[in-house]
Structures are given as structure tokens and as C-alpha cells.
1. Among the residues in the stretch B:448-458, are any over 25 Å from the mean Cα position of the chain (by Cα) and crowded, with 24+ Cβ neighbours inside 10 Å?
2. When the stretch A:613-641 is examined, which residues are found to be outside the structural domain of residue A:438 (by TED's automatic domain parsing), surrounded by fewer than 24 Cβ atoms within 10 Å (Cβ to Cβ) and part of a loop (DSSP other than H, G, I, E, B)?
3. Of the residues A:660, A:671, which is buried (at least 21 other Cβ atoms within 10 Å of the Cβ) and touching a residue at least 24 places away in the same chain (Cβ under 8 Å)?
4. Return the only residue of A:129, A:118, A:98 being farther than 21 Å from residue A:224 by Cβ, surrounded by fewer than 22 Cβ atoms within 10 Å (Cβ to Cβ), assigned by TED's automatic domain parsing to the domain that holds residue A:173 and under 26 Å from the mean Cα position of the chain (by Cα).
5. Given the criterion out of contact with any strand residue (DSSP E or B) (no Cβ under 6 Å at 6 or more places or on another chain) and closer than 24 Å to residue B:240 by Cβ, identify the matching residue among B:90, B:97, B:133.
6. Please go through (1) buried (at least 18 other Cβ atoms within 10 Å of the Cβ); (2) over 31 Å from the mean Cα position of the chain (by Cα); (3) touching a residue at least 60 places away in the same chain (Cβ under 8 Å); (4) away from chain B (no Cβ under 14 Å) for residue A:532 and return the number of the only condition it doesn't satisfy.
7. Would you please name the residue that is nearest to the chain's Cα centre (by Cα), looking only at residues in the stretch B:568-584 that are in a helix (DSSP H, G or I) and at the interface with chain A (Cβ under 7 Å from one of its Cβ atoms)?
8. Please determine, by comparing only the residues of the stretch A:555-567 that are part of a loop (DSSP other than H, G, I, E, B) and touching a residue at least 60 places away in the same chain (Cβ under 8 Å), which one is surrounded by the most Cβ atoms within 10 Å (Cβ to Cβ).
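The values are calculated or read from the model by the stated rules, or taken from the named source; none is laboratory data. Keep in mind it's a predicted model, so treat the numbers as computed, not measured. All Cβ positions, glycine included, derive from the backbone under ideal geometry; neighbour counts span all protein chains shown.
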């Protein structure tokens, strides 16, 4: 796909012109989601060209049997995969008795896709030339209702330049496959296929996990906005059911089918109630017109944007990008269900199968904390709390004892899904990110109740893990952590990854502090937790010893910390001196060559200095940034954001802007030539952080936000606004600072350059 | 399988008593091979119980598509697999119209298997009770002819206590499967199935590799040693062909079918000639009786034993074990075909698929050098020479240039087959073993012609690899080798594995020495090689610098070399302090736990000190042995032999004996509870080394052998003889030394305790 395929627009993503080679990429870009379900931008009508079909129901997965060349003890038996669910969007179309298929049309004109991010409406329209000068126009509008999580709505309109016979057949279809299947297993068993007048229903159950999902549809037929009273003919086969409408349409007239479809699942309803629930959803939706439902959707998105929008007036490329990222994050996760999380591809593809990575804690939580009710961030923490037992089991499988917890690298239900030893068993720093998220939530919200309610149990499990995983080196007379993979996955099985050791030390100390604090503020709660976790006071002294004697590699000559033992033994050729033809190195170099090179896939030392920035002075930060940035290839979508934030802090504003552009338009400009597999959802939160924590310099402490803007030159004179929860802050280029307090109701007060001001609504601050 | 299932006997392996659970283990133990083909000890008659069918044709393989969870750049597309070939041993048996099957017999008595290692004859006999008091006796004798590499011979005899109708149907059958298939591919396409009087033939071709293999059989029928003139009825199906003989057999009489079968392949013959070649083999074999053919076989084995036997009179357990090992090594590889090699499981199973590992150079070559014509060892070296171009291609895939060669970890035809990055890309020390084998061959045979003819090109390719693979560490101001896996595979991706660095240094220097030597002794040859390899003199100085500045990790406090950087940061708990319930650790610990432990799977530092023993004084050897042995778990079958040899050299004779027993009876006593998958062929050569280089203390230099016996206490007073080529040396317990020279014709002279003696034949030396 060519870069800059999608023109710049502040609120819309647009594709113009028909190109079958771009279908799969645009199916990703124009994906829709409402937190509960998601849908790639597949065509409604049958399409015989190359397509990647994807319909997803949040939290419904299949445990695909692990595929591995060489088994290692400790590997999980399966990989929980996001599932392609039965199709609810399909509308078969016959014109004068011939099936319509864009792939076989004589010509396609005025082909256009548009995603309006302001209200979540996706539109596709085109004119197709068929035989004998017949031209038909299709206009399809679609959205997934935020207000009604089970419901998707389509208005599919047909007109032609001649009188035609139209057969239009909305349907549901369980005859689907998964691209990303290890063994071509059957994932679904069909329990019921039912069709009745204008409605159809398929109930299917995932094999092994036994999630029951009802895929439903209702339909209404209109000519020129007048509803037709035809009932249609219900039809069904073993896997498909729907309604056939036949209609003679005069030239220039428009026939529209409104399809109301979606999913109800046993995650939310009794299996026996699925069908009646679906019927209720249809019945209620039918009592509204398409425009009413769309108005409801527009309102729901307006509410989201009010507390999440970022305005960069005058930099349309940056503007479109950040809105696209914010839009996708909201499509992926609405925060209402503590059983759901944020998969790296959200609802836009199957890759990375399992739902939850450390991305959630390290990159996503700040976005949801800042833009949504704090309950949402709390739900993300609770997700891990609910999986603590599984994390303890996971650690036991690897030889740990006494309630030590190792959270999985990739998971759906709390069990580990991944099966590369160097990642699954060794990328254990993920544990620290989960502890850090608890700290981060607490400092952001000043909600001190989470730690006694849930957080401390998680922290104890994690600290027990670190205390057992660190081992004493007689040679160094310090504690070491051997055999790990740090955030930089271009190093495997290294000793003493600085980030891992430093964050483990922090975990041990932070947990001990929380225990000490609760012993004063909530001794009863603490007693309950200690009893529940069988915690012994001796553990505290072991943690203290381990933390105090933790080995942290550094180089005294360069005055930087060392990414890991032996890092300086490498050939220290900078990235800029690499042959550009060999980049990205992960597509050109064998794995061993990457491993022995100094190149950093993703911020590692700098990730640690970002998390714990109060621990390092600016000079230290600068020395380490200046040392590590030249070796960083940023071949992870999660890397540039951290460098952008640190660059901003170091007043390297234009370097920060370059990082920002790279991360924010990753999918829109398809830098990695793989957007057809789906979008990089979790890195989109990193993009948001680049702006908010980078350019705006937002920091939070005890619920109090402060801003220290460091805007790029490109934004000089532009209006730049960031929305949080229910409040908008606008920054203009310039030095200065302001801070504000946001309480739970969104009441705020602001201190601008040291002067307190009342603050409500849309005030613009001129610094 | 219970240990010590097979009773001790100096020349035989015996199994007594019917136990279906032991069928698969005994199918491995009683395997037959003649270097060209091999056959697990599967039953001739149909068996419905659990069995692992295996018939193998040397050098015939299939490229099974790689199965891997997470692809890494540089992985090979396929894994060349040993193939289960069409079955030539099958004999269907019906008694009174009922198919005979040991698994469904009412009772089985006097079940016995016997493998006579003196002549390679395998016998199976039993009495089976059928309905109505009918008892039948089966005696089956089988061998694979050493004299006629295409031929296997079976004499299958039946008698009964009642008069019976016998239908006996020898057949060939291509309806076979492979256990170890990644994708359940079809491996064979059948080209022809033919049956005629007393003969049958199937021609099948391997898919992808297109090896054509003719599987053939001829048969003769005897009653009480009188040949019957019945022709039998030929039969065939789409995959199977044979001859049905029907016969009424009086009580107490014996009916025998002699089956002459085996394989002809397109590796040795034109495809168009395969069938006529097979017919020729059958016709010629039919001109001999079973006893004549057996006598020929006995003679061929006598010739082998004359130059390969080891006698340990009085230690029957050790005696049986060493003969079993020598027998299997000779079954696996006869040395006549430079296109064949020694697979870790030989012809006894499918595991490890590819044929050739560094086992050949590190463990097997000394055995074949000492016990066979030196052409055999030369053929093993030539095998690698013929694959040099592929090794250069392999290195290019990993980013190396200018003729650098990296031999594959596992190969069949010179291409890499393996797909674990930490092994395939990083266990690069295999290159050094291939160079070492050239040195070893030269010092053993004093054949100085191999290096200019072939060896130097290989050495140049290997040295180029090392010079490029070593990198300069500014921090250490030395050359380092980063990111490797040493012989101890319980460490992955380590820096500066001492064995790898030391052996690389040696390769660079050894190659330079050969070039310097040839510049004087054979300048024309050198010029030819330099032109062919585009060698430039500047390379020599780079090699010298790299070798001279090679970093070799060591610990000055302990005064030992270090297995790799950071080894002493581990928790140094000795093996003896491990919980025995957690051993072997590879069955109880997750991979990360193994990796960060100090436990050594297989000799690593000590492997290097074994290879280059002249470089280290006894004190150094002792310190390193005493340091590393307590951390060595010997979970590779290739480990104890090296420790045994070094223990002998250090006068730790009883420790050496313990290692010897562990390695020599690994399969017979099924220590690892997996003998049913096949035998550990390459480690059997290590067992031989334990005796010859360990207990007998044999060393070779410039073609001159010396012995410095260090016998275990258990052998006090026993007669202990070692056969080499055509000469026998006998040692009695005691101190002393002798050396001898063996020329190419086997003429020898011996120096005993400094005194030269003439020496021929079976002289026993009393030291």
C-alpha cells in the first residue's frame, strides 16, 4: 500500500478510488468497534476478491493448541485466540437475477470510503457499471452502537440508472474461518439456525471454551425513505439464515435496507436467554429510525470527545493522526467490563491472538485514566487482580512457591498463552509494569482505596516473585537477576537487565511501603490481607535485603547505566551508520545477528527512566538518552512514544515531534506494510502519551496535574488543546507551566505560572 | 521398561518372556543394520499391539516442512527427515484359515529374542497357544547381509502340535507411515506394484526429493529342510504385493519360508535399472542356501571383530555393553559411501531426523579411524568437504561473506535442517569440531595428503567464519564471540563461551599453520587452493590478530577457566545437593530455570581440554575437572565419555569406571526410559573412547599409538584386550606404558616400557 493513501482531514478518514489491492488494508483502517464487539470494514455484499474477514466479540476466545518446533518444559498447552465470529453484516445482492460482486463489475466509479470519527459513522459508496450500460449506486452506512453494545446498524442503499429487479438478502452466517489458526481446527459448533420474517438468528458455541454466541439480525426495507410493508422470505441453510427481499426499482429511485444486527453472548446472559435477548435488542432498535439511532451514536461520541479530544489546529496531519488514535482506543475498550482488556490489535485483526500484554499497564492506562471516569482505569487493574490466582499458578509451573505471582506475557483468561521460552519464561519485567500501574493509578486518582481492596495482594505476589527470582551472586556480593529478556526484545536471556533489576527493586520497596503505610492507616485491612496471603513479616526483611543489595549495572566511564551485563562488549556502531537497505533489521538480519548487535528494538533503560523519572536528575536522563537513542531502531510500535516524552523533557522538542509523527501515523501511513493484518491499538495510547506527557508535559501527583509544555517548532502559533475527563486545557506555544486539580466530579482549579485561577469548561489558557 | 531387562552375556543380547509392553523397546534393541539399510526388530507377521515400525534406507530422506511457533529470519524451510521406507520383512500367517497375531493369542510361551553380535543374526522364537489346544511354534531368523548391502535374509519356520493348514504370505508393502512427521505429509508416491511367482517388487519415490527406491522380495518354501516345488500365488493391491503359499503341515513337522528382500535405490543405480538390479540380487541370493548366506555373514562379522573387538574377560556386564556399542556402530556406518554419515539414532528410529551432527567429528571418527581402514575416516571428512559450498551458503544466509563457512547443526545434504535459533544460529562451535577432525585424522593416520587435497579449503572456510564472527570489544580491548550456545546446551545465547573462543582461536592458528606448511611442502597445491578460494594473504594477519587477541574468560581466584562470561554469578549449588526427585532437571524444571542454573548438560570446558589436552598441564586439567564435574548433570548421552577419559588421565579410575558404565549401558538398561524411540548410536562411539582413550590411555601422534593404562579397580586381574585394525593389544592391570606403530598394512612394532619388540597378531602384553 502506498504511504499517504488516505488524505489528511481533521475529523475524517477517507479513501477515494477503487483499488482491489487496497481492500484488506482499508478493512483494517475503517474497522469499527464499540468496546463490546468489533468489525473489520468488510463489504456487506459478497466479494470474490482478496479480503480478510473479521467480526469479533469481546472476551470470546478459543484455546488453539500450541504449535512449536521444540517443546520446552513450562510451555502452555494452548494459545487463547481472538475468534472470528459469525458474520452479521452480510447482505447478498442480486441485480436482475445476477449476483453483484465488486470484483467482477465491468468498472467501478466514485468509490469512496469515509470514517467520520466525530460520530463513528462509516460510509462506503460507489457506482458500478454492469452489463448493457446499467450502472448501480451503492451507499452503505454502518456504525456499532455505543449506547446499545449488542447492536450494529447498517443502512444499505441501492439505486440505478435503469429500472432493475433487486433481490437484497440480509443474513447472518456461521460459515466462517479463522486466518490465524495453528491446526485449522474448527472453532465453532452451530447449535441453532433460525429464520423468520425479517429476522434471523444463529446460535453457535466455541469448542473447548463453550462460549455461546447468538448472532442476530432484523431488517427493514425502505423505498425513498418510505418503509415498505413487504415481509420478505425467510431462508436458512445449515450455517446461514436471512431474509430475501425482491423488489422492482425504478430508475433513479433508492431502495434501502436497514439491518439491525450484532451479538449476544453467554459472557453476559444466560445461554437460555440468548435468543430472547437478541429479539429484545432488535425489537427496541426497530422502534427507532436509522437517523434516530445515528443521533444517539453521535451524542455518545460527543461525550467521549468532550473528555478525550486533542485539538492541534493548523497541523492537519498531526490532528488527523491523534484523533484516529483516540478514536480507535475508544472503539477497543469502553472500560465497563473488568473481564475485558486491550488487545494489541483490538477488534481489527487476529494477530497476537491473546488479549492482554503488558502494553495495557505500560502504555494504555494513562490514556483511560485521563479521559474516562476513574472506574475505567480501576477496571483495568481489577482485571489483573481477578487473575492473581492464575498468575500464582503460572509461577508455580516455573518452580516458584509461597504465592509468588508471575503474570503471563499474553493472556485471555489469566493463563499464559505464549510459547517462546525467551519471552514467556524470561520477559518477566511485565510483572513490574503491573505493579507500576497500581502506583500510577494511585498517584493519578489519589484513590487510596484500591491498594487495601485489591492492589496489595497483587503487589505481594509480585514481590514474592522478585525475591525468589533474584539470586545471590557470591562473585558480585549482590543480588542479580539472571536469564531475562528486557523490554528490548532484541536481547534474549541476558543477565542483569537494568530495567528489570531496577523495577524489581522498586516493586520490593513499594510493596513494603504500602504494607508499612497500611499498618498505620488500615491495620485491620492489612491483617485481613496478611492472613489471606499467608504473609510473614520475615518476608519484608528478605525483600529489603534483596532490594538494597540489588545489582544495577552501570558504566562509570560513560556515566550511564548499562542495559545489561556485557552491553559494552558489542560493536557499538550507531544506527545512523547502518546500511539503510538493511533496515528494518528484523526483516534483513538473522536473529543471532540482531541479538549480538547493540540495536534496541524498544525503549529499555529509557522505559525505566520514564516510569521512575523522579529518581533521576535531568543530567542523568540526558546522558542516558544521548547514549541509548543512537542505538535504538524503534522496530516496536511501542518505542518512539517513550523517546518522544523524554526528548520533550530534555527540550529536544523537534526530535520529540519526529518521534510523534512516526508513532501517530504508523497505521494511516502503513509504515510497516502490514496494516492489512489489523491496527496497532496499544501503541496508539503511546501516541497520546507523546502529546500529553511529552509536548504538554503533563505530570500527576496525588491527583494533581501539572503541565510543562515543550511544543515542537512546527506548532508555533497553533492552538493546541487537550481534553481530560470533562475539562479542556488549551496550550499555546511558549514556556510556562500550569497545574490543576480534577476531583471526581470534574471540578477543577488551575494554577497558571504559580497563580491559582478558577477553571471551568473550555477556558483557553494563554501562557 | 525395567532396567536390566536383558540378561548379561558376553556376545548376545537376549530377551526372555512375552511382555507386550516391551515390544517397542526391544524393536530398538534388536535393530539390524548393514550400513546401507536398517530395520527395527518389528515382527514379520501382523501384530495389532503397540509397535513402532521402522525400515530405513541410508541417505534416503524427505524434506519435512518446518514446524515452528515463531519464525525467525534465517530458519530453514524444511527439516530433512530419515524416512520409514516400504516394508520388506512382512510375512502374513494364517493357521487353519485364521490370521495369526501375537497380540490375540490365548497364551505365549517360551518367547525369546536373541541377537548374536558375533555374526549379526537375530532370532525370535515362541510357542503360541491358539484355540482347541493347538500350539504353534515360530522360529524366525534374520540378518542384513554385510556382503550384499541390498539384501536382507529371513528364515521363518512354523511347526505345530496338531496337523494344520498353513497359509504363509511373504510380501512387500508401501502402505507405511512416519511417526515423526510435522504435518502428516505423504512422503512416498508409489510408481509400481508388481507380483510374480515367488517374487514381488514395489517401486516408490520420495516426494520432493525424488529418491526412487525398489523394495523387493523373493521367497522359497521348505519342509524339514527340503525345498518344496510349489510356486505360490502372486497377489497385489495398490500398495502391497507378495506370494501366498498354502500348505498342510503334519504335527511336529516344520515349514520354513526363506525370504530374500531389501532395497535398491536411485542413490546407487539408474532408476530404469532398479527393478533388474533387484531381480539380480534375488537371483544371486537364491543360488545360496540360508546357511551359506549366514556363513558369509558370520565371516564378514568376524572380519569386523578382528579389528574392532574389545575383550573384558570377567566383567560380563561391561563386556556385553562395549560389544553392543561396537556392534551398533558397525551396523550404522560401514564407511564405504562418502555420501552417508552417522545419525544419532542410526537405523533404529526416526528421532533427530537429519543425519549428521557434530557428533560425527567429535565422537565417532576416532572409533572408525582405529578399527577400520583409514579410507573410512577419510570418507567421513570428505562428506563435509563435499558439503562445503552449502556451508558457505548457510553462512551467507546469516550475513557472512567472502567464503566464510558455517556447517549446519543438523543436515542430510549439507543444508541446515534445524530450527531453534539458540542452536541453529548460535551453536556454532560445531565448526571447530569439523576442523578438529581434520587435525585428528592427520595425527592418527599421518596421512598428510588430505589437507592439500580437501581439508585446507574446509579450514579456510571455517577460519573465515571465525574471523568474521569474533568482534572487537572496545571495553575489553580484545576479540570476543558474543551470543553463542556452547556444547553445554543448558546455556543459550551466552557471551564468550570458553570452549567456542578457545577452539576458534585454535582453528585460526591451525589453518594458518597449514597454509605456512604447504607454502614450503606443496606450493603448487597451495596456489591452486588460494586461487580456488580467492584467499588473500591479508586474511592471515587478520586471523593472527584475532587469535592472539582472543578473549578467554577465566577466574584468577579459582584458577580455572570460565565456561562463559558471568558463570560465577550463578547460585553455585552442586549437583549432589539437588533434590534427587528433580532429576533429570530437563524433565522437571522449566527452561529458564535450567538456563540460569550452573548445571552442565554435557562436557563443555572439559570437552575443550579433552580436544586440546597437550595445551594443558595435569594440574590445570585437575583444577578444571574438580571445578566443573560437580556441576555436570550429564543429561546428554555424549557427556560421560569425556569426563571418563579425563578422570582416567587424572588417575580417578573408579570415577571413570562409573562414567563408563553409565554411558555403555544407556540403551541396554534404558536409563532414560526412551529406548523405544531408537538407540543412541553416536554416544556409543564415546563409550568406546572411554575404554580406549580412558582406561587404556591410548594417544596417537604422527601415526604412532601410545598407551598409558589406568584401569578401574573392578578390572583388577581381568584380561582386557583391544583390537585395532588387524592387531590385538591386551592389557593387564598395572602401571606401565607401551606404544606401537601401525602402518597401512597393519605391520606393527611395539615399545613396552621403553623396550622395542616385534609384534604380530594376538600377543598378550603383561605390563
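1. So the first thing to find is which residues in the stretch B:448-458 are over 25 Å from the mean Cα position of the chain (by Cα), and the list is B:448-449, B:451-453, B:456-457.
Still in the running and crowded, with 24+ Cβ neighbours inside 10 Å: B:451, B:456.
There is at least one residue in the stretch B:448-458 that is over 25 Å from the mean Cα position of the chain (by Cα) and crowded, with 24+ Cβ neighbours inside 10 Å.
2. Those that are outside the structural domain of residue A:438 (by TED's automatic domain parsing), surrounded by fewer than 24 Cβ atoms within 10 Å (Cβ to Cβ) and part of a loop (DSSP other than H, G, I, E, B): A:633, A:634, A:635, A:636.
3. Every option except A:660 fails the conditions.
4. Numbers: A:129 fails: under 26 Å from the mean Cα position of the chain (by Cα); A:98 fails: under 26 Å from the mean Cα position of the chain (by Cα).
Going through A:129, A:118, A:98 in turn, just one is farther than 21 Å from residue A:224 by Cβ, surrounded by fewer than 22 Cβ atoms within 10 Å (Cβ to Cβ), assigned by TED's automatic domain parsing to the domain that holds residue A:173 and under 26 Å from the mean Cα position of the chain (by Cα): A:118.
5. Numbers: B:90 fails: out of contact with any strand residue (DSSP E or B) (no Cβ under 6 Å at 6 or more places or on another chain); B:133 fails: closer than 24 Å to residue B:240 by Cβ.
The match here is B:97.
6. Of everything listed in (1) buried (at least 18 other Cβ atoms within 10 Å of the Cβ); (2) over 31 Å from the mean Cα position of the chain (by Cα); (3) touching a residue at least 60 places away in the same chain (Cβ under 8 Å); (4) away from chain B (no Cβ under 14 Å), residue A:532 misses just condition (1).
7. Start the filter on the stretch B:568-584 by keeping residues that are in a helix (DSSP H, G or I), which leaves B:568-569, B:575-577, B:580-582.
With at the interface with chain A (Cβ under 7 Å from one of its Cβ atoms) added as a condition, the list becomes B:568-569.
Values: B:568: 35, B:569: 37 Å.
Looking at residues that are in a helix (DSSP H, G or I) and at the interface with chain A (Cβ under 7 Å from one of its Cβ atoms), I get B:568.
8. Here is the first cut: in the stretch A:555-567, the ones part of a loop (DSSP other than H, G, I, E, B) are A:556-559, A:562-566.
From what is left, the residues that are touching a residue at least 60 places away in the same chain (Cβ under 8 Å) are A:558-559, A:562-566.
Working: A:558: 13, A:559: 12, A:562: 18, A:563: 29, A:564: 22, A:565: 21, A:566: 23.
Here the answer is A:563.
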